[in-house]
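To start, the structure under review is shown below, and the notes come after it.
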Amino acid sequence: MPKEYSRSQRVVEQIRRELAELIRMEVKDPRVGFITLTDVEITPDYAHAKVFFTSMTGHESVPEILKGLNRASGFLRRELGRRIRIHTIPELHFQYDKSVEEGSRLSQLIDRTVREDEERTRDENAD
């Protein structure tokens, strides 16, 4: 019977949940108010974690959000250490996740293409 989740997957999920709560409830920097954590990748030795986020305010505000997150990273790491019982608390590296924005753009392109195709079919059938 295969394992459902490996230890590292459980740690990654716990880090993501705890960071999301810390950012939402504890970080007072207004630059990081409207973000969603989409994923966390951790190195095998747990020394570094890439934390991927997306912003509800769009990609224009990403540089400011990154400044706010990087400024809060020491606090976030210390609080993670209090909440998660692992030997090494990873150094946090924040990266903007373009996948949600790109997915939305592709979905709009598909919808527009389908609409244009339907209009073209309707026009051909009318003739």
Packing-based exposure ordering (other Cβ within 10 Å, fewest first) of ASP117, ASP97: ASP117, ASP97
Residue exposure sequence - HIS59, HIS87 - by fewest surrounding Cβ within 10 Å: HIS87, HIS59
Residue-span extension gain [GLU26 to HIS93] - 0.36 nm each, minus C-alpha spacing: 22.3 nm
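List VAL114, VAL51 from most exposed to least, where exposure is judged by having the fewest other Cβ atoms within 10 Å.
If I rank by nearby Cβ atoms, fewest first, I get VAL114, VAL51.
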Crossing angle, helix 99-126 versus the chain [Cα axis fit, 0-90 degrees, rounded to tens]: 10 degrees
Efficiency of FRET from Cβ geometry, GLU18 and GLU64, R₀ 25 Å, rounded to 0.05: 0.60
C-alpha center-to-center spacing [the stretch 1-56, the stretch 109-127] in angstrom: 43 Å
Over the stretch 12-103: Kirkwood hydrodynamic radius from C-alpha pairwise inverse distances, Å: 13.3 Å
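Bear in mind that the values in this text are calculations on the coordinates, not laboratory data. Remember, predicted model here, so these are calculated numbers, not experimental data. Heads up, the Cβs are rebuilt from the backbone with ideal geometry, glycines too, and the neighbour counts pull from every protein chain shown.
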